[in-house]
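Only the coordinates and a few stated rules stand behind these numbers; no lab work does. Please read these numbers as outputs of a predicted model, since none were measured by experiment. Cβ sites come from the backbone with ideal geometry, for glycine too, and all protein chains shown count toward neighbours.
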Amino acid sequence: MRRALGALGVVIVSVAAGSSMGCPPPKPRPASEPAVAPTPAPEASRHSDAEADAGAVASLALADAEPGLVALEDRRAFEASTLEAAAASPDAAVRARAALAAGRIGDERASAVLSRLLADGTPEVRESAAFAAGILGDPSMSRALVPLLSDPDEKVAARAAWSLGFLEQAEGRDALLGALATASASRRPALLFALWRFPTAAIVTAAEPFAADPDPATRTAALYALSRRPQAAALDTLTRGLRDPDPHAAALCARALGILAQSPSIEPLGAALEDRRPQVVTASLTALHAVLEKNSGASPPLEKAGRVATLSNDANPNLAIPALALLRFYVTASDREAFRRLWAAASTGSGRRRQVALRAAVAAIPEQAASLLDAAMASPDPFLRGAAASSLGLLPPAEAAETSARRARLMADPEAVVRYKVLEGIETPEAARAERALIDAALADPNVAVHAAALDLAFQATGDFALLEKAVQDPNPDIAISAIGAAEGKPESPEARAVVEAAYRSPSTLVSRLARRSLVKNFHADRATLPWRTYDTGKSVADYAALLREARSGWTARIETARGAFRIRLAGGEAPLTVMNFVALAKKGYFDGAPIHRVVPGFVVQDGDPTGTGSGGPGYEIRDELSALPYRTGTVGMALSGPDTGGSQWFVTQAPQPHLDGGYTVFGQILSGQDVVNRIEQDDRIPRVSVQSGAP
């Protein structure tokens, strides 16, 4: 959830407010600074520990069996003897935990173990196996999951539906549609939620009849299925959904209208600005901006100019910031009040509001806003300088020479976030070709975010695979990961495949594993010819047993911000490795003073990168601990740029985000202070993060 996909498929972090039009995380790019591997334990002792435990696992209680399973998860090692012994345990809790481990390890050889557990006599085991079958990522598991849609236990059936959606196979789609046609009222919501991953006309036909269902759960699920990946055929239903009693469903419909970006949506989105529910107004502001941006010449709802100006001054940043961005279109429409408000915010405002207003002013009145840009470039605030840098691409082509000169000045900035934003503001291949000298110089930048962004742009400008071939040999794994992402944008090219094959041979386990995933998914390579690489963690089973005990001692975290403090209950039971990593970083003061580098109104607040670029990290990666915990309002998750790329960046949701379920590690939930989270503005700093164990 750390970054958003760049134009070529390279995962690029946005340190701007971003848009809730798409997601992640949240999502995410190069996960961290160069990895520092732990001191390895002798090969023989590492494996002898696991093998010695394997024979005894079947007779162990969960507390005794789990450390060995966690050891396999952390190494991402498929050891059939240990997994099969746990899967055969007379203790249902051990069997359920074995299923989860099989999914987390991510090796398709675990499919046989999971297939047996899907037929287990205990519902809790079947439910765990159904979840694991989804996160395992083996498309062949769809066939084994289909029968569970009619499982007598509704939780099992619901989890099977979720995994069939997660795997995104046609077989699963057809099974979900068939089950929906005859499902009882209590089973419909899970089936409808799962269908969002299949954006086809058939899904619209199946879900629309339930979009006005009297049952709130069914209606919300139907609107979710229609809105997450919206189709134009659902436009009328989504428009009616703006008035749905569920504010989250209504906000999602507004978001969907922004994605579809059809001019008939301007009027209903304008009307939604009068909604009394803040989340609906936030989504409508953002959606209206997207529609107007994609329909050149369309006029904003002029009767709402006063409302937008008022919202742009609201104390709630989730209202004010998207309203400031939207004022751009009212200025273009010659609304004097909009001009005055935007100019004041861009020239004398502060923080994120000034940054957003600056970009809006440059987009609306570039000739007049040049003085605002120059003032921002001279500011002592690096984030304002960065906002100026990213706005340079909005200046008219006639000012190309002045734009290039400004970029050159800002590329000499000592702050990496400013240099990164310069590159972020080069938005087209044509602009990249015009700035080749600047981009080539940035390929030597010591900051990974700047280097990776330059690599993306250089490839955009030239299409030269030699750049990517060199990048996959870089000792910094993040640069290699960016090269993989760029190559993925050319899946039919033999040169692209050769780049990813070279990455598969990388000495970095992380890079090799991500390349392997790409070769199978994007280049249709034969899985059997590509063995998985496993991690050398240097830990014994006894080490994991001690870690589990500590993780489950009741950890809470207190996050102090400029807007107040909030408290998090850490999920040591579900994500012990992630929790103890967070605890260790907090105790070292790693998070103290770091900026909140990403806030997407109505979506997430993200922290954990002291550089503020969105690519900083602690110097290592940790493995994902995916679980069935859902992303509700106030859920705390680990930001990623691909599987197992977490380190220090984490996020808190501002609303339910079901599309994140099973994709990002959940390791906490807000105990108190959600109102504080909702007041945070991007680039606010966190003075202190403290942790304690044994707390309620």
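Along the axis of the charge dipole computed for segment 168-297 (Cβ charges of +1 for Lys and Arg, -1 for Asp and Glu, origin at the Cα centre), the listed residues 264, 206, 216 are led at the positive end by 216. Against the chain, whose longest principal axis is taken from its Cα atoms, helix 576-587 shows a tilt of about 50°.
Rg over Rh for segment 511-630 works out to 1.03, both radii taken from alpha-carbon positions and Rh defined as the Kirkwood radius. In this rough spin-label picture, where each label sits 7 Å from Cα along the Cβ direction, the residue 143-residue 433 distance is 4.9 nm. Once a ≥ b ≥ c are taken as the square roots of the eigenvalues of the Cα gyration tensor of segment 244-332, is the result rounded (a/c under 1.5), prolate (a/b larger than b/c) or oblate (a/b not larger than b/c)? Because a/c hits 1.5 or more and a/b fails to exceed b/c, segment 244-332 counts as oblate. Cα-Cα over 26 Å: which of 539/587; 470/539; 294/421; 421/587? In this structure, 470/539; 421/587 exceed 26 Å between Cα atoms. Structural size metrics of the chain, computed from C-alpha coordinates, are Rg and Dmax of 25.1, 78 Å. Cβ-to-Cβ counts within 10 Å put 521, 421, 539, 304 in ascending order as 521, 539, 304, 421, the fewest first.
Taken about its Cα centre, the chain carries a charge dipole of about 1160 debye when Lys and Arg each add +1 at the Cβ and Asp and Glu each add -1 at the Cβ. Taking the 0 to 90 degree range and rounding to the nearest ten, how far is the long axis of helix 62-75 tilted relative to the main principal axis of the chain, both from C-alpha atoms? Helix 62-75 sits roughly 50 degrees off the main axis of the chain. How tilted is helix 351-364 with respect to the longest principal axis of the chain? Cα atoms for both, answer in degrees (0 to 90, nearest 10). That helix lies at roughly 60 degrees to the long axis. Taking the beta-carbon count within 10 Å as an exposure proxy, list 422, 579, 204 from fewest neighbours to most. Placing the least packed residue first, the sequence is 204, 579, 422. Using a simple spin-label model with pseudo-atoms 7 Å out from Cα toward Cβ, residue 299 and residue 375 lie 3.1 nm apart. On full extension, the segment bounded by residue 347 and residue 116 gains 76.7 nm, given 0.36 nm per residue less the C-alpha separation. Compute the FRET efficiency between residue 692 and residue 92 as 1/(1 + (r/R0)^6), taking r as their Cβ-Cβ distance and R0 = 51 Å, and round to the nearest 0.05. The calculated FRET efficiency here is 0.90.
Dipole magnitude for segment 52-205: about 500 debye, using +1 per Lys or Arg Cβ and -1 per Asp or Glu Cβ, origin at the Cα centre. Placing +1 on the Cβ of every Lys and Arg and -1 on the Cβ of every Asp and Glu, with no other charges, gives segment 624-696 a dipole of roughly 220 debye about its Cα centre.
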